[in-house]
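Below is one structure; the comments refer to it alone.
Taken together, the values in this text are just the output of simple stated rules run on the coordinates, not laboratory data. On a predicted model such as this, the values are computed, not experimentally measured, just so you know. Virtual Cβ from ideal backbone geometry, glycine too; neighbours counted across all protein chains shown.
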Amino acid sequence: MTDTNCIFCRIAGGDIPSSTVYEDEQFRVILDLSPAAKGHALILTKQHYANIFEIDEEVLRDLIVLAKKVAGAMKETLHCEGVNIVQNNGERAGQTVFHFHLHVIPRYADDGQQIGWKPGTSDPDEQAELAKKIGGAL
Ligand code: AMP
Ligand code: ZN
């Protein structure tokens, strides 16, 4: 399914031009319009899935293999020192375009970016309870 009101459906389908890095039947890899660093790419599914909760598992398997290839190509051609793979689900998690996409972000010594979180603290009893709760639903 694709959605004509969804900008990433339209980009993935080629209706809106983009800086395309790669394309196949399932995916289009484009450069982010507001890159965190030079070469910041987005892997878009051609089918519309809003987020990780909706995406087809077979598609997801192929997607992560493609992400590895894209990261390798960045390392080889851009000589980045590292790569962040980021994927946001839901507004609270920073998702702004509600069509599944994976960020592949090359990292350089002088890129000035901080991608991460403020480390918190943990309590062993709570950790055990949380692990049991999440694991019990798998
Ligand atoms: P997220 O916040 O994870 O939903 O990421 C959305 C990303 O899409 C942001 O990094 C935007 O800069 C990027 N973006 C939004 N519109 C476009 C567009 N038309 N072409 C390329 N990247 C876009
Ligand atoms: Zn879409």
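Given Cβ point charges of +1 (Lys, Arg) and -1 (Asp, Glu) and nothing else, what value in debye, to the nearest 20, does the dipole of the chain about its Cα centre take?
240 debye
Can you list the chymotrypsin sites (Phe, Trp or Tyr not before Pro) in region 15-86 that are in a DSSP coil and have 13 or fewer other beta carbons within 10 angstrom?
Passing both the DSSP loop test and the Cβ count: Phe53.
What is the helix-to-structure angle for 124-136, meaning the angle in degrees between its Cα long axis and the longest Cα principal axis of the chain, kept from 0 to 90 and rounded to the nearest 10?
Relative to the chain, helix 124-136 is tipped by roughly 50 degrees.
Can you give the helix-only mean residue ellipticity at 222 nm for the chain, where every DSSP H stretch with n ≥ 4 adds -39500 (n - 2.57) and the sum goes over all residues, rounded to the nearest 500 deg cm²/dmol?
The helix contribution divided over the chain gives -9500 deg cm²/dmol.
Computed from the mean reciprocal separation of all distinct C-alpha pairs, what Kirkwood hydrodynamic radius does region 1-43 have, in Å?
10.8 Å
Roughly what % of Cα-Cα distances in region 68-138 sit above 17 Å, to the whole percent?
Numbers: 1612 of 2485 pairs.
For region 68-138, the share of Cα pairs beyond 17 Å comes to 65 percent.
Could you list, by residue number, the cysteines of the chain that have no other cysteine's beta carbon within less than 4.7 Å of their beta carbon?
If one checks each Cβ against the other cysteines of the chain, Cys80 turn up with nothing under 4.7 Å.
Pick out, from Leu33, Val86, Leu66, the residue whose Cα sits farthest towards the positive end of the charge dipole of region 1-131, with +1 on the Cβ of Lys and Arg and -1 on the Cβ of Asp and Glu.
Leu33
Which peptide among 119-129, 33-43 comes first, and what is the full order, when sorted by highest mean count of other Cβ atoms within 10 Å?
Working: 119-129: 8.0, 33-43: 18.0.
Top of the packing list down: 33-43, 119-129.
Computed on alpha carbon atoms, what radius of gyration and Dmax characterise the chain, expressed in Å?
My reading of the Cα-based Rg and Dmax gives 16.9, 53 Å.
Angle, helix 57-78 long axis vs. longest principal axis of the chain, Cα atoms, 0 to 90°, nearest 10?
Once rounded, the angle reads 70 degrees.
Any chance you could count the Lys pairs in the chain whose alpha carbons are under 19 Å apart, treating pairs 8 or more apart or on different chains as valid?
5
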